[in-house]
Structures are given as C-alpha cells and as structure tokens.
C-alpha cells in the first residue's frame, strides 16, 4: 500500500484582499517526485510556504497533513526534526561559512558525529564540485554551486520529504541540466520530492506526476510523461503548439 507523505486539501491563502491560492489540493506519496508547474505568480511558492508555515501575515484556510498529521501551527524547527526539509527560492546558504560548515548546519538535529561524517562523504559523491571546494566560503560560490550546497545541506537532515522551490532560477543552461541530473539522482535514491519549477519541460521529464497551477488554482494533474505531450501544456509551458 502506498504511504501518503503530504496531502494538501482545499488550500486558500490571501494577502489582504488578494487571493494567491484559491482552493488548491494535491498529494505526494512515498518515493514520488511530484512537480508543481506554472507561470511566475501562479501561487506555487506560496503553496510551499503554507506547508512549512513560513508565510508572512496572511489568511490561510484548508488542511495540510504530513505523514498523516496536521501541520498547522508547527514551527519550522519542528518540521526539520520530523524530516521535512525545504530548499527555498534564492538558496539561502550561509555565505560566511564554508561548504563543510554549511553541511554541518544541515545536520544540526543529530549528534551522531560518525553518521554526520558518513553523510557528508555520501553527498560529496553526489556533488563532487562541493568536495573540491569543501573549505571555500559559500558566498564565493557560483549560483549553481550554491544551489547544490543548499540541496546537500537539506539532504543532511535525512528528509522524508524534500521541498524544492525553483532550483533552476537564475542559472546557466549547463548548470540547470546539472541541477536536474542531481534531482533525478536524489529521487532514484528513494527520497520523496515536491518540486516547484518554472522550467516545465525539465520538471515533467524528471517527475512521476505533475500538477499545473494557474492564478492560484490547480487546473490540471496527471502522469508527468502524459502531460508532456498534452497540447494544453505544450502551448502554455513548452512553447509548442
């Protein structure tokens, strides 16, 4: 039987009189890579921030459950302890810390030094660029390298669910390909991922299932491969048709 990791039901988010999300529902099951695609301003990032409880003052309605338990009112610190990690838009690395120190910060909920050292070595095999620069200050890295570091830092917490918010934003085409290669590698290791992404083609090629969000509404969902060939998706997001 498939284990439900995240379930969002009838989520609405309003900033004053502006409704950013209007009754959205989606779910992510264990081992899946699910992508939420849509244009800039569609409400995708707001949806992720509603999951993590990191929205500014606004009105949130609906139900969000993680591993069968409601998330409402929980602090982000508690979510990390419950193995829910997010890589935010803009990456958010500790710029005045080294790569190695950033990874240690990702493991702050653990005191098993041997396990932490093993985890760092494991993610260094997935992100060899980071191993080459382990002592380098994070603020001196390129945008793509900072994105890799932010992902590796989140993975240090052994997440049951990894939320990725626009990981390709602002990166060169070559680095975007590399980031998606890493996303596929992480997914293949069995880590459950919810990916918010504007690059619909790469996101749907990597994902198992997809959702389309338009103006705060979920307007389409299905098998990611099927969505790639859907005329509506092609016309709106793939520059085809």
query = Taking helices (runs of 4 or more DSSP H) that fall entirely within the stretch 41-147, which contain at least 3 residues that are modelled with pLDDT under 95 and closer than 18 Å to residue 20 by Cβ?
reply = 44-52
Count of residues meeting criterion [surrounded by fewer than 18 Cβ atoms within 10 Å (Cβ to Cβ), outside any helix (DSSP H, G or I) and either over 20 Å from the mean Cα position of the chain (by Cα) or at negative phi (or both)] in the stretch 216-241 = 10
request  = Would you mind stating whether residue 20 is at pLDDT 90 or above and part of a helix (DSSP H, G or I)?
outcome  = no
query = Is it the case that residue 2 is under 25 Å from residue 187 (Cα atoms) and in contact (Cβ under 8 Å) with a residue 40 or more places away in the chain?
reply = no
key: Complete set of residues in the stretch 197-211 that are in a strand (DSSP E or B) and modelled with pLDDT of 95 or more   = 209, 210, 211
request  = Identify, by number, the condition in (1) touching a strand residue (DSSP E or B) at 6+ places or on another chain (Cβ under 7 Å); (2) farther than 18 Å from residue 88 by Cα; (3) not in a helix (DSSP H, G or I) that residue 162 doesn't meet.
outcome  = (2)
query = If we keep just the residues of the stretch 85-102 that are buried (at least 20 other Cβ atoms within 10 Å of the Cβ) and more than 24 Å from residue 74 (Cα to Cα), which is farthest from the chain's Cα centre (by Cα)?
reply = 99
task = Kindly indicate which of 62, 43 is touching a residue at least 12 places away in the same chain (Cβ under 8 Å) and under 17 Å from the mean Cα position of the chain (by Cα).
result = 43
inquiry  = Any residue that is surrounded by 22 or more Cβ atoms within 10 Å (Cβ to Cβ), over 23 Å from residue 109 (Cβ atoms), touching a strand residue (DSSP E or B) at 6+ places or on another chain (Cβ under 8 Å) and at pLDDT 90 or above - is there at least one of those in the stretch 172-186?
reply    = yes
query = Of the residues 117, 61, which single one is in contact with a strand residue (DSSP E or B) (Cβ under 7 Å, 6 or more places away or on another chain) and exposed (fewer than 13 other Cβ atoms within 10 Å of the Cβ)?
reply = 61
Enumeration of residues in the stretch 120-130 that are surrounded by 13 or more Cβ atoms within 10 Å (Cβ to Cβ) and over 11 Å from residue 145 (Cα atoms) = 120, 122, 123, 124, 126
inquiry  = Between 194, 163, which is surrounded by 17 or more Cβ atoms within 10 Å (Cβ to Cβ), under 30 Å from residue 114 (Cβ atoms) and modelled with pLDDT of 95 or more?
reply    = 163
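The values are calculated or read from the model by the stated rules, or taken from the named source; none is laboratory data. Note that the structure is predicted; figures quoted are calculated from it, not measured. For neighbour counting, all protein chains shown are included, and Cβ atoms are generated from backbone atoms with ideal geometry for every residue, glycine included.
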